[in-house]
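One structure below.
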Amino acid sequence: MSVSFSTDWFRRRWLDFRNGHSIYLVFAMTFANFITIQYKLLIDTVPYLRGIFDSIWIFALMFVLIYVPVSIVLGYWHRKSQWKVEQDALFRENKVGAIMWMYVIDLIEGKVSEEDKKLMREALLRITRGETRLYGTKKLSDKEGKIRDSHDK
C-alpha cells in the first residue's frame with residue numbers, strides 16, 4: 001500500500017465520517033433535542049399550554065406537523081433564490097471543473113494533441129470505474145489548463 005493511497009483512503013473515510021455524522025446523526029439528535037427543549041421551555045412556563053400538551057408526544061407531533069412544512073417552504077425559497085449564488089461561488093473554486101472546461105475549449109479550438117486526448121480519456125475512464133486515484137504518473141493541471149506529465153515541472 002503506497003503512502004498516497006493510504007492517505008487518500010483515510011481522508012475519504014474522514015469525509016465519510018463527517019458527512020454521516022453531520023448530515024444524518026447529528027441532524028436527528030439535534031432535531032429531537034430541539035423538540036425536547038422547546039417542550040420544556042414552552043410547556044413548563046405557560047400554564048395554558050400545559051393543559052393542551054400534557055404529553056411530549058402530542059407536542060412533538062404538533063411541532064413536526066407545523067415545523068416540517070415551514071422548513072419545506074424555506075428550503076424551496078433557498079433553492080430558488082440562493083442556490084444560484086452558492087453554485088456560482090462553488091464554480092469559481094472548482095479547479096477540476098476549470099481543467100475540464102479548459103480541455104473542452106482546447107478540444108474545440110483544435111489545440112488538444114492525441115496524447116492529451118488519450119490521457120483525458122484514461123482519467124475519465126478511471127473515474128467511471130470508481131478508482132480513487134485520478135492520475136497515474138500523468139497530471140492534468142498546468143497553468144494553461146493543458147494536460148501535462150507530472151515530471152515536466
The range 102-125 residues that are closer than 20 Å to residue 91 by Cβ and at pLDDT below 90, paired with ones that are of a type outside the set (Lys, Arg) and exposed (fewer than 13 other Cβ atoms within 10 Å of the Cβ) (beta carbon under 7 Å, 6 or more apart): none
field: Listing of helices (runs of 4 or more DSSP H) fully contained in the range 1-74 that carry 1 or more residues being in contact (Cβ under 8 Å) with a residue 60 or more places away in the chain
entry: 3-19
message: Just to verify a result, which residue in the range 44-70, among those that are of a type in the set (Val, Ile, Thr), open to solvent by less than 70 Å² (accessible area, probe 1.4 Å) and within 38 Å of the chain's Cα centre (by Cα), is farthest from residue 17 (Cα to Cα)?
response: 56
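The values are calculated or read from the model by the stated rules, or taken from the named source; none is laboratory data. Bear in mind that the values here come from a model prediction, so they are computed numbers and not experimental data. Please note: Cβ atoms are built from the backbone with ideal geometry, for glycine as well, and neighbour counts cover all protein chains shown. When the accessible area is computed, the model is the full protein with side chains, heavy atoms only, and any ligands, DNA or RNA have been set aside. Shrake-Rupley method; radii C 1.70, N 1.55, O 1.52, S 1.80 Å.
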